[in-house]
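Take a look at the structure set out below.
The values are calculated or read from the model by the stated rules, or taken from the named source; none is laboratory data. Keep in mind that what you see is a predicted model, and the values were worked out from it rather than measured. Backbone-built Cβ (ideal geometry, glycine too); neighbour counts: all protein chains shown.
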């Protein structure tokens, strides 16, 4: 199928805008590649230090004739998604040996969980943990004793951070290795209902805790379609997984064999292999557009309107919210996974998963097929489903219809002719809104606003009954420069309750919402942010604000002269404690959300 003209036009726009930086990037990784294998160039003392920690692989490493794989791992046993990686390195060393290679853990990176820190001080470190992970990845690979790398990470900031750091070593072949989602527990819809009941004081904390533990109950990623699982969909669409690896459950034969296949494949595309391909060559403009398309077609996390531009910048590529907006108006919504539906990612996988969505997008000319991936046959490989047959890993073509057409649709009968995002513009700046789970009659909300500077104050006002009316809740000084741009997911239950009571409700903020944001319209990532003079700082209680996803409008309905004359609200004092003061340099140097909200990338002039 020929590529859709609008997909081609957006890609051409990305290519043109990226021309200079992309050329610089490709020249950089070409120099790195042409300098040759670093290990023979290192001094003997340097190599001795690198080999001292291993016994069983030392002779093979000394010989220097086989590929050495660097493992960068986000393992910890605090977080369910990353606890799965506990035994991976020792298993991967065995599988590397099967492929005639060696493997060493090059380094570990932090993995924090927004689910644990949500609503508390630790969330103010969350976004900048991505840049910390990128720096940790660069430190791990800086030893230059590897001819390829395996990146072990799954969740919100971890995958973007690993990729940003790894792309600066883009001459190396690499593969991302996921761990899979936990099996289904208490449904996401039931969990959300208990949260709303607790917000209204109808159930106790003990009841809420039991519901949460029934939902989050074992190793693996959470089962809703938030940022973590959106990561996995995007990695499939960029061709950086072994095909179909995203959503196989931990502890299964399929999961083990997919990881084994990833190690074997990395050896095949390695430094001296016939199929050598560096990470920086795979992550090109078409791959970035494919990632955006997959995100939109599945109603994925709004966090990737920050993360994907940051990943792209690390490869010399510029994609912006206008590109997302144009793609969203072209790409149909093909899946209904919570919060865009009642199903979870296990049901999504059972219905056909990423492979079915990618197959449909390719069939309709809505995704670039002519791209390099870690698989030998390009994007076509990601349109097939992995299975275990007779103890062996195989891939099968998919049937014409999904296993559950209430979860995954075909192009012939999509859930919506458009994807899940819109860009909003007006005298308050630029923001984005996820509409895939918002009922159409709520796409436009016009109401007096109530202005806050933190989400705890919103919760207090809700409990006091002060928000029982049509209201636009404004939460400002939540941008990257102000306090690290935390997610405001604690607002989801009270705002949902107000909407259930029949009020017209919306949120406007320069902060983030969770990848699980759903039925309440939320204008988020507002730029420029309040700190430093963003127009959101001019809003006063009672100002009428219009949020309109239909027309792409975000406006304070205040007379122009009065608006121009208003002074900015004073920002709150910077907070300390919980390590927040240590991230001051990242806040001070951070650029706007649309650019990726990164001090690191800004300072590097990427």
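Among the candidates 53, 43, 36, which residue alone is surrounded by fewer than 14 Cβ atoms within 10 Å (Cβ to Cβ), over 24 Å from the mean Cα position of the chain (by Cα) and on the phi > 0 side of the Ramachandran plot?
Sole residue among the options that is surrounded by fewer than 14 Cβ atoms within 10 Å (Cβ to Cβ), over 24 Å from the mean Cα position of the chain (by Cα) and on the phi > 0 side of the Ramachandran plot: 36.
Would you please name the residue that is surrounded by the fewest Cβ atoms within 10 Å (Cβ to Cβ), looking only at residues in the stretch 181-192 that are out of contact with any strand residue (DSSP E or B) (no Cβ under 7 Å at 6 or more places or on another chain) and touching a residue at least 60 places away in the same chain (Cβ under 8 Å)?
This residue is 189.
Within the stretch 93-107, count every residue that is part of a strand (DSSP E or B) and surrounded by fewer than 19 Cβ atoms within 10 Å (Cβ to Cβ).
Keep residues of the stretch 93-107 that are part of a strand (DSSP E or B), which gives 102-107.
Now narrow it down to the ones that are surrounded by fewer than 19 Cβ atoms within 10 Å (Cβ to Cβ): 107.
Number of matching residues: 1.
Out of (1) surrounded by fewer than 22 Cβ atoms within 10 Å (Cβ to Cβ); (2) under 30 Å from residue 267 (Cα atoms); (3) touching a residue at least 12 places away in the same chain (Cβ under 8 Å), the odd one out for residue 90 is which?
(3)
Does residue 299 count as farther than 18 Å from residue 604 by Cα and assigned by TED's automatic domain parsing to the domain that holds residue 162?
In short, yes.
From (1) at pLDDT 95 or above; (2) in a helix (DSSP H, G or I), pick out the condition that doesn't hold for residue 456.
(1)
Does the stretch 429-447 contain any residue that is touching a strand residue (DSSP E or B) at 6+ places or on another chain (Cβ under 9 Å), outside the structural domain of residue 297 (by TED's automatic domain parsing) and at positive phi?
Checking the stretch 429-447: at least one residue is touching a strand residue (DSSP E or B) at 6+ places or on another chain (Cβ under 9 Å), outside the structural domain of residue 297 (by TED's automatic domain parsing) and at positive phi.
Answer yes or no: is there a residue in the stretch 356-376 that is surrounded by fewer than 16 Cβ atoms within 10 Å (Cβ to Cβ), part of a loop (DSSP other than H, G, I, E, B) and not assigned by TED's automatic domain parsing to the domain that holds residue 174.
Within the stretch 356-376, none of the residues are surrounded by fewer than 16 Cβ atoms within 10 Å (Cβ to Cβ), part of a loop (DSSP other than H, G, I, E, B) and not assigned by TED's automatic domain parsing to the domain that holds residue 174.
For residue 251, are the conditions met, namely being outside any helix (DSSP H, G or I), in the same structural domain as residue 21 (by TED's automatic domain parsing) and farther than 25 Å from residue 420 by Cβ? Reasoning before the result, please.
Values: outside any helix (DSSP H, G or I): yes; in the same structural domain as residue 21 (by TED's automatic domain parsing): yes; farther than 25 Å from residue 420 by Cβ: yes.
Yes; evaluated as a whole, the condition is true for this residue.
If you go through the stretch 423-437 one residue at a time, do you hit one that is modelled with pLDDT of 95 or more and exposed (fewer than 15 other Cβ atoms within 10 Å of the Cβ)?
No, there is no match, as no residue in the stretch 423-437 is modelled with pLDDT of 95 or more and exposed (fewer than 15 other Cβ atoms within 10 Å of the Cβ).
Can you confirm whether residue 414 is part of a strand (DSSP E or B), modelled with pLDDT of 95 or more and buried (at least 16 other Cβ atoms within 10 Å of the Cβ)? First the steps, then the outcome.
Details: part of a strand (DSSP E or B): no; modelled with pLDDT of 95 or more: yes; buried (at least 16 other Cβ atoms within 10 Å of the Cβ): yes.
Taking the combined requirement at face value, the residue does not satisfy it.
Please determine whether any residue of the stretch 328-344 is more than 18 Å from the chain's Cα centre (by Cα) and assigned to a helix (DSSP H, G or I).
Within the stretch 328-344 (the criterion being more than 18 Å from the chain's Cα centre (by Cα) and assigned to a helix (DSSP H, G or I)), the answer is no, since none of the residues qualifies.
Touching a helix residue (DSSP H, G or I) at 6+ places or on another chain (Cβ under 6 Å), surrounded by fewer than 20 Cβ atoms within 10 Å (Cβ to Cβ) and either outside the structural domain of residue 116 (by TED's automatic domain parsing) or modelled with pLDDT under 95 (or both): is that true of residue 502 in this structure?
When the stated conditions are applied, residue 502 does not pass them.
Taking the stretch 451-473 as the search range and keeping residues that are touching a helix residue (DSSP H, G or I) at 6+ places or on another chain (Cβ under 7 Å) and crowded, with 19+ Cβ neighbours inside 10 Å, which one is nearest to residue 543 (Cα to Cα)?
Top of the filtered list is 473.
Surrounded by fewer than 24 Cβ atoms within 10 Å (Cβ to Cβ), touching a residue at least 40 places away in the same chain (Cβ under 8 Å), under 18 Å from the mean Cα position of the chain (by Cα) and within 19 Å of residue 437 (Cβ to Cβ), is that true of residue 325?
Yes; evaluated as a whole, the condition is true for this residue.
When you check residue 474 against the structure, is it in contact with a strand residue (DSSP E or B) (Cβ under 6 Å, 6 or more places away or on another chain), closer than 25 Å to residue 571 by Cβ, assigned to a strand (DSSP E or B) and not assigned by TED's automatic domain parsing to the domain that holds residue 116, yes or no?
Considered against the rule, which asks whether it is in contact with a strand residue (DSSP E or B) (Cβ under 6 Å, 6 or more places away or on another chain), closer than 25 Å to residue 571 by Cβ, assigned to a strand (DSSP E or B) and not assigned by TED's automatic domain parsing to the domain that holds residue 116, residue 474 comes out as yes.
Would you confirm whether any residue within the stretch 135-142 is in a strand (DSSP E or B) and either more than 17 Å from the chain's Cα centre (by Cα) or surrounded by 22 or more Cβ atoms within 10 Å (Cβ to Cβ) (or both)?
no
Grab the helices (runs of 4 or more DSSP H) fully contained in the stretch 4-79, keeping just those with 3 or more residues being within 30 Å of residue 369 (Cβ to Cβ) and at pLDDT 95 or above.
By residue number, 5-34.
Can residue 491 be described as in a helix (DSSP H, G or I) and either closer than 24 Å to residue 596 by Cα or within 24 Å of the chain's Cα centre (by Cα) (or both)?
Taking the combined requirement at face value, the residue satisfies it.
Tell me whether the stretch 417-435 contains one or more residues that are over 26 Å from residue 321 (Cα atoms) and in a loop (DSSP other than H, G, I, E, B).
no
If we scan the stretch 263-283, do we find a residue that is in contact (Cβ under 8 Å) with a residue 12 or more places away in the chain, over 27 Å from residue 23 (Cα atoms), in the same structural domain as residue 78 (by TED's automatic domain parsing) and within 24 Å of the chain's Cα centre (by Cα)?
Yes, that holds for at least one residue.
Among the residues of the stretch 143-170, count how many are surrounded by fewer than 23 Cβ atoms within 10 Å (Cβ to Cβ), in contact with a helix residue (DSSP H, G or I) (Cβ under 7 Å, 6 or more places away or on another chain) and modelled with pLDDT under 95.
Residues in the stretch 143-170 being surrounded by fewer than 23 Cβ atoms within 10 Å (Cβ to Cβ), in contact with a helix residue (DSSP H, G or I) (Cβ under 7 Å, 6 or more places away or on another chain) and modelled with pLDDT under 95: 2 in total.
For the stretch 499-514, give me each residue that is farther than 17 Å from residue 479 by Cα and assigned to a loop (DSSP other than H, G, I, E, B).
Those that are farther than 17 Å from residue 479 by Cα and assigned to a loop (DSSP other than H, G, I, E, B): 501, 502, 503, 504.
Which condition number does residue 294 fail, the rest of (1) in a helix (DSSP H, G or I); (2) surrounded by fewer than 24 Cβ atoms within 10 Å (Cβ to Cβ) being met?
Every condition holds for residue 294 apart from (2).
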